[in-house]
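Accompanying notes for the structure given below.
The values are calculated or read from the model by the stated rules, or taken from the named source; none is laboratory data. Note that the structure is predicted; figures quoted are calculated from it, not measured. Ideal geometry is used to build each Cβ from the backbone, glycine not excepted, and the neighbour counts take in all protein chains shown. The accessibility values were calculated without ligands, DNA or RNA, using every heavy atom of the protein model including side chains. Shrake-Rupley method; radii C 1.70, N 1.55, O 1.52, S 1.80 Å.
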Amino acid sequence: LAIDLLYWRNVKQSGAVFSSVLLLLFSLTQFSVVSVGAYLALAALSATISFRIYKSVLQAVQKTDEGHPFKSYLEMEIALSQDQISKYADKILLYSNTCMKELRRLFLVQDLVDSLKFAVLMWLLTYVGALFNGLTLLILAVVSMFTMPVVYEKHQAQIDQYVGLIRTQVNSVVGKIQAKIPGAKRKEE
């Protein structure tokens, strides 16, 4: 379902999700999270209360007994099962442990080249952080998520060709750096 949204298989559905997420993020640039949450809750409540009153008036005028308009939603089971909670907790635990092990490996310089790559990435992120705040980066990420897959799908051959050239150049430079730094040669994996 998420892949279909990102590849715009159903244009209306993808457009609705994309525009609502973008609207939410732009709202967060102007207002606090608490304000945006409160306004969204008030908008939803206004819509549901209005619909409930409309249906009640309609039932009174037509003298029908259809009942509560949200009855089917009120009767739906929404509780999480113990199995679902356990499954998600196990995934979070696995992800957390993997991240901690990788960070330990990078910060304690188990592999000098990987630690240097991480240092360069962190150095580059200082410049990114000086140019953009986190919300702007999140907006750019959402726009990229909804545009890049379609662009890649349409121009896959050309993009793969250029990515291959870049990867070859990067591997060449990394190989030269590894050859110059004592103790930086990778173990054969």
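Summed over region 123-148, residues that are modelled with pLDDT of 90 or more, over 17 Å from residue 28 (Cβ atoms) and open to solvent by less than 80 Å² (accessible area, probe 1.4 Å) total 3. Summed over region 139-186, residues that are over 20 Å from residue 4 (Cα atoms) and acidic (Asp, Glu) total 1.
Against the condition modelled with pLDDT under 95 and among the small types (Gly, Ala, Ser), how does residue 115 come out, does it pass? Against the criterion (modelled with pLDDT under 95 and among the small types (Gly, Ala, Ser)), residue 115 qualifies. In region 1-82, counting only helices (runs of 4 or more DSSP H) that sit wholly within it, the ones holding 2 or more residues that are without any contact (Cβ under 8 Å) to a residue 60 or more places away in the chain and open to solvent by 100 Å² or more (accessible area, probe 1.4 Å) span 11-30, 33-62, 71-74.
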